Amino acid sequence: MKSKINLFLFDFSVLSIFRRGSKNIFIFFVFTLLIFLLSSVLFISNSIKSELDTTLNALPDITVQRLQAGRAINMPLSRLNKLLAIDGVNAVIPRVWGYYYFANAGANFSVVGIDQFEDQYRDLYTKLCDKFNFDKLKKDSGMLIGSGIDQMLKNNFYQGYFNFVKPDGSLAKVKIDGVFKADTALESNDVIVMPIKKVREIFGMKPDEAVDFVIKVANPSEIPNIARKITEIYPDTRVITKEDLKISYQNLFDYKGGLFLALFVISTFTFFMIIYDKASGVSSDEKREIGILKAVGWTIDDILKEKFYEAFVISFVSFITALCLSMFYVYFLNAPLLRNIFIGYSNLKPAFDLPFSFDFQTFAIIFFLTVPIYIAATIIPSWRVASMDADEVMR
Amino acid sequence: MLLTPEIITILALDFIFLFFGTIAFFISIRIARYWDLNSTTPLQYKLEKQSFLVATIIKYIFVVKLPLFLFFIFTANKLSNVIVGAMCAAGVVNSVSFGSAMFFYKILNLYIFGFWLVLNHFDLKNENQPYTRYKFLLYAIGFIFLLVEIYLDIDFFTSLDVSKLVSCCGALFSAASTSSFSFIFTVNKLYFVYIFYAIFVLLMISYIFKNAFVVLSLNLIYVFIAIISLIVFFGTYIYQLPTHHCPFCMLQKNYDYIGYVVYITLYIGTFFGISGAIMSILEKKKEKFYYNVSAIFNVIYAIIISAYPITYYIKHGAWL
Amino acid sequence: MIELKNVTKEFKVGAKDKVVALKDINLHVQKGEIVLLKGPSGSGKSTILSLIAALNKPTIGEVIVDGKRVSKLADNFTSLFRRENIGFIFQRYNLIPSLSAKENVIVPLIPSNPDSNWLEDRLQELFQNFSLESKMEVMVKNLSGGEQQRVAIARALVNNPSIIIADEPTANLDKKLSLEFIEILKKLKNGHNSIIIASHDPLFFDLDFIDRQIDIHNGEIL
């Protein structure tokens, strides 16, 4: 068991790879491409996941919706005080927001109403209130829009304003007071912010109603208790906690990634067959060489070791190359084409950067799904070669 | 069933193990039955060659299995974010009834496959290949173990349920729990500490005299007492929390992944001790190299594990 | 000492037929002896060589080298046996053409993972003996016939073998190179090595440094 690494053998293996260059270069390219695809997809999904995580962390601890016939309906503001009275609740904030469908671009805008003096439930809007002159916004009933929307409106020849179609068919012309860019592009690219009053007007909502309530809690470990109490007080409500959301998002992404991976595994086994086939095709030169090696004292084990080094070097170099390529592709080029798999509503979110996120686990997954499988595919062909009769050379 | 990339990875490799393991199994049976070094028949000649295929496959499985096992723990830790109530791998592993049994079973398999490689090494050192039949019989049994493990893997991952509430490690590793571990918390934990150090001292003495049976049995006892004392006593100092008894949480980032170092040293130390002792009995010769490696790693384990309570005492002037 | 005891070797041809290559051969080669096996091609000379080198196993009988029954060794151990005891000089050199002269000579030593200082000295010595110092890094396929032959001999000697086996060493050489080879062979005789040559080249027939000549015909010693 005290075998230090045999550098001579390693050298010999590397030389063999180059000596049979054309055969190996084909395998190298295919394998690199395969690993590249796999790692790119995993990087993208990781990246989006980490972006979502930041978004989710900024979310309120508890969101309360009112349900009727299984669908969410508006929440009367009169319920606010009873919720505030629950122990452990720090604040209850009514939210007025909605999706506005812009038919020309075929996209949904998220329209969010804010009020400077109300507790802001998201850091972003707090920052917006500080940055832009809110009084002015209120006075001329203007709006602030995310950079994604800005782009889209410009494409549709809106300059400085936008016409919302109200439920009764009349138009509401709203001035654009500013464009903002948030830390996490995914969440705020499609957001329009305007005073609450204006949002109610556009969506035709009554003044004593909100879309839902968000609740701030003093002690996060009390969240399940508070959630239970809310459903006891108002049985017609749905209470969504941050934890719930996190889990369902993680599942969604694992599911999407998993689906891709299932496909990948199938293609890996196809590749397995290709390597198997390539490695099995032994030329007469190679046969003779094995004969020479065995005649001069190489054991089956030595030849197997040599073949293993070859397989390991090829697969590991492919692995590293592909990893570097896909890091460049995903984090530098922002993964053109591929990321559309993950972002369904891509037409509204044209330009967001994938944040760098790399963990050991992804590395391990990519490694385990590629290098050992490659090496496995070479086991039987290598053994066949290694156990050929040595007296080949005498003929 | 959860379809996370990690689970797919583990299952894909399980499939490879299954495929190659089966090939190796059938060859092994044949070799165990027909091996005869004195015969010059084509069959014997063929078997000699095939024995290398089997050896290569087993090496492959072992070498991939080792890191894959660590990856399995890693995955279980990650799944603990998804499964309600679980805080670490313990909760995830125990979310199915056979969880902890499976876990220890996996470790047992690592010892078996590792020992096979040692046996193979000794077999190929001797021109008479004295262990050939035994090693292939051993593999045939090991393959059955492997099959069960793969079955358990699949069963485990398919029965993981996101919506089911599981106990966290705090509940599992406490005296109040009804789990199989709980009895150890009813005894004064200091007894385990005394036993641990007593066994450790005996073990070190045994390396001096190198009696194979003594080394073997002490190493076996050492694994168990090391793990038990880790759970009841040393672990609490890693967490600096007298009630935290989980053997899995220390594998997480919060504790600098120290658990991996701890378990790997324990594995190497006892593995070399056990297999060295068995080989000494078989070879009728003292396997010094194995004993030395074993001694070194067992000492490292003891040092790491003792360092936690000692530094705690120095810093705080009191025990937990 | 090399000993072949009642050795018969059959080769399978096709599914059922077999060819008897050697019939009940008995042969002793003493330490330090140089032996020439002669006979037409197909007479079984090469088979004897491959049995001594344990590249093949006898169908009946046994081969004993230095007290070791090499015909009973498993495949792996025959390789180890060759690594330690045998130096091979093949017909057509059998070098690996895409490796350099130096790399070719190292090949037999690679599995034993030699000490690199020792190896460097050994290579210097060998390449000097065969006046190939300037050709060390040259790829074998770019060497002349004579140079290739010397590289092949250097490779056979690199592991200090106690037995040197040469199979039709001059079959592909012109007269000049053949004579050169015989000169080298003469130098190799030092009392420690047993050298066994299989050849039907008349150049070998009356060389005084060859201790014994054995005629092989149709798988039998005449």
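The values are calculated or read from the model by the stated rules, or taken from the named source; none is laboratory data. Bear in mind that the values here come from a model prediction, so they are computed numbers and not experimental data. Virtual Cβ from ideal backbone geometry, glycine too; neighbours counted across all protein chains shown.
Looking at (1) buried (at least 20 other Cβ atoms within 10 Å of the Cβ); (2) not in a helix (DSSP H, G or I), find the lone condition where B:Asn38 falls short.
(1)
Specify which of the listed residues (C:Arg150, C:Arg155, C:Arg212) is closer than 21 Å to A:Gly297 by Cβ, among the charged types (D, E, K, R) and over 13 Å from the mean Cα position of the chain (by Cα).
Only one candidate qualifies: C:Arg150.
Can you tell me which residues in region C:76-88 are within 7 Å of chain A (Cβ to nearest Cβ) and crowded, with 23+ Cβ neighbours inside 10 Å?
Listed by number, the residues that qualify are C:Ser79, C:Arg82, C:Phe88.
Just give me the residues in region A:362-393 being more than 10 Å from chain B (Cβ to nearest Cβ), surrounded by 19 or more Cβ atoms within 10 Å (Cβ to Cβ) and among the aromatic types (Phe, Trp, Tyr), in sequence order.
A:Tyr374 - this is the single residue of region A:362-393 that is more than 10 Å from chain B (Cβ to nearest Cβ), surrounded by 19 or more Cβ atoms within 10 Å (Cβ to Cβ) and among the aromatic types (Phe, Trp, Tyr).
At pLDDT below 85, under 26 Å from the mean Cα position of the chain (by Cα) and surrounded by fewer than 19 Cβ atoms within 10 Å (Cβ to Cβ), is that true of A:Ala351?
Taking the combined requirement at face value, the residue satisfies it.
For the subset of region A:140-179 comprising residues that are in contact with a Ser or Thr (Cβ under 7 Å, 6 or more places away or on another chain) and buried (at least 16 other Cβ atoms within 10 Å of the Cβ), which member is farthest from A:Tyr99 (Cα to Cα)?
Across region A:140-179, the extreme among qualifying residues is A:Val174.
Consider B:Phe20 against the criteria (1) touching a helix residue (DSSP H, G or I) at 6+ places or on another chain (Cβ under 9 Å); (2) closer than 30 Å to C:Val70 by Cβ; (3) facing another protein chain (nearest Cβ under 9 Å): it satisfies all of them except one. Which criterion is unmet?
So B:Phe20 meets the others, but not (2).
Can you tell me which residue among A:Lys82, A:Lys23 is assigned to a helix (DSSP H, G or I), within 14 Å of chain C (Cβ to nearest Cβ) and farther than 30 Å from B:Gly114 by Cα?
A:Lys23
Here is a list of conditions, (1) part of a strand (DSSP E or B); (2) touching an Asp or Glu at 6+ places or on another chain (Cβ under 6 Å), and C:Leu49 meets all of them except one; can you say which number that is?
It fails just one condition, (1).
Looking at (1) buried (at least 20 other Cβ atoms within 10 Å of the Cβ); (2) more than 14 Å from every other protein chain (Cβ to nearest Cβ); (3) at pLDDT 90 or above, find the lone condition where B:Ala90 falls short.
With respect to (1) buried (at least 20 other Cβ atoms within 10 Å of the Cβ); (2) more than 14 Å from every other protein chain (Cβ to nearest Cβ); (3) at pLDDT 90 or above, B:Ala90 is out only on (3).
Look at A:Lys294 and say whether it is in contact (Cβ under 8 Å) with a residue 60 or more places away in the chain, at the interface with another protein chain (Cβ under 9 Å from one of its Cβ atoms), under 30 Å from A:Ile73 (Cα atoms) and in a helix (DSSP H, G or I).
Answer is no for this residue.
For region C:51-75, name all the residues that are more than 8 Å from every other protein chain (Cβ to nearest Cβ) and more than 14 Å from the chain's Cα centre (by Cα).
Result: C:Ile60, C:Gly61, C:Glu62, C:Val63, C:Ile64, C:Val65, C:Asp66, C:Gly67, C:Lys68, C:Arg69, C:Val70.
Being surrounded by fewer than 23 Cβ atoms within 10 Å (Cβ to Cβ) and within 20 Å of A:Met388 (Cα to Cα), is that true of even one residue in region B:62-83?
Among the residues of region B:62-83, not one is surrounded by fewer than 23 Cβ atoms within 10 Å (Cβ to Cβ) and within 20 Å of A:Met388 (Cα to Cα), which makes the answer no.
Suppose we filter region A:207-228 for residues that are touching a strand residue (DSSP E or B) at 6+ places or on another chain (Cβ under 9 Å) and surrounded by fewer than 16 Cβ atoms within 10 Å (Cβ to Cβ); how many remain?
Here the count works out to 5.
Please indicate, with yes or no, whether at least one residue in region B:42-57 is under 27 Å from the mean Cα position of the chain (by Cα), of a type in the set (Asp, Glu) and part of a helix (DSSP H, G or I).
no
From the list B:Met250, B:Met279, exactly one residue is part of a helix (DSSP H, G or I), closer than 20 Å to B:Asn77 by Cα and out of contact with any strand residue (DSSP E or B) (no Cβ under 8 Å at 6 or more places or on another chain). Which is it?
B:Met250
Looking at A:Asp61 and the list (1) under 25 Å from A:Leu369 (Cα atoms); (2) touching a strand residue (DSSP E or B) at 6+ places or on another chain (Cβ under 8 Å), which single condition is not satisfied?
(1)
Check off (1) farther than 30 Å from C:Gly61 by Cβ; (2) within 13 Å of chain A (Cβ to nearest Cβ) for C:Phe127 and give me the number that stays unchecked.
Unmet condition: (2).
Name the residue, out of C:Ile52, C:Ile96, C:Ile106, that is closer than 21 Å to C:Asp24 by Cα and at pLDDT 90 or above.
Just one listed residue meets the conditions, C:Ile52.
Take the residues in region B:28-59 that are within 19 Å of B:Phe145 (Cα to Cα) and in contact (Cβ under 8 Å) with a residue 40 or more places away in the chain; name whichever of them is farthest from the other protein chains (Cβ to nearest Cβ).
By that ranking, first place goes to B:Ile29.
Given the structure, is C:Glu133 over 21 Å from the mean Cα position of the chain (by Cα) and closer than 18 Å to A:Phe8 by Cα?
No.
Every residue, every condition in (1) out of contact with any Lys or Arg (no Cβ under 7 Å at 6 or more places or on another chain); (2) modelled with pLDDT under 90; (3) not assigned by TED's automatic domain parsing to the domain that holds B:Phe115, yes or no:
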position: B:Ile8; (1), (2), (3): yes, yes, no
position: B:Phe17; (1), (2), (3): yes, no, no
position: B:Lys46; (1), (2), (3): yes, yes, no
position: B:Leu53; (1), (2), (3): yes, no, no
position: B:Leu66; (1), (2), (3): yes, no, no
position: B:Phe69; (1), (2), (3): no, no, no
position: B:Phe74; (1), (2), (3): yes, yes, no
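Would you confirm whether any residue within region A:41-51 is over 30 Å from A:Gly169 (Cβ atoms), in contact with a Gly (Cβ under 6 Å, 6 or more places away or on another chain) and away from chain C (no Cβ under 14 Å)?
yes
Taking the criterion of being of a type in the set (S, T, N, Q) and at pLDDT 80 or above, would at least one residue in region A:169-185 satisfy it?
For region A:169-185, residues of a type in the set (S, T, N, Q) and at pLDDT 80 or above: present.
Please verify whether region B:209-226 includes one or more residues that are of a type in the set (Phe, Trp, Tyr), within 17 Å of the chain's Cα centre (by Cα) and more than 18 Å from B:Tyr194 (Cα to Cα).
Taking every residue of region B:209-226 in turn, none turns out to be of a type in the set (Phe, Trp, Tyr), within 17 Å of the chain's Cα centre (by Cα) and more than 18 Å from B:Tyr194 (Cα to Cα).
Run down C:Asn159, C:Asn104 and say which single residue is in a loop (DSSP other than H, G, I, E, B) and either β-branched (Val, Ile, Thr) or within 13 Å of chain A (Cβ to nearest Cβ) (or both).
Among C:Asn159, C:Asn104, only C:Asn159 is in a loop (DSSP other than H, G, I, E, B) and either β-branched (Val, Ile, Thr) or within 13 Å of chain A (Cβ to nearest Cβ) (or both).
Keeping to region C:89-98, report how many residues are facing another protein chain (nearest Cβ under 7 Å) and closer than 20 Å to C:Met136 by Cα.
Total satisfying the criteria: 3.
Being of a type in the set (Ser, Thr, Tyr) and within 13 Å of the chain's Cα centre (by Cα) is the filter here; which residues of region C:175-202 pass it?
C:Ser194, C:Ser199
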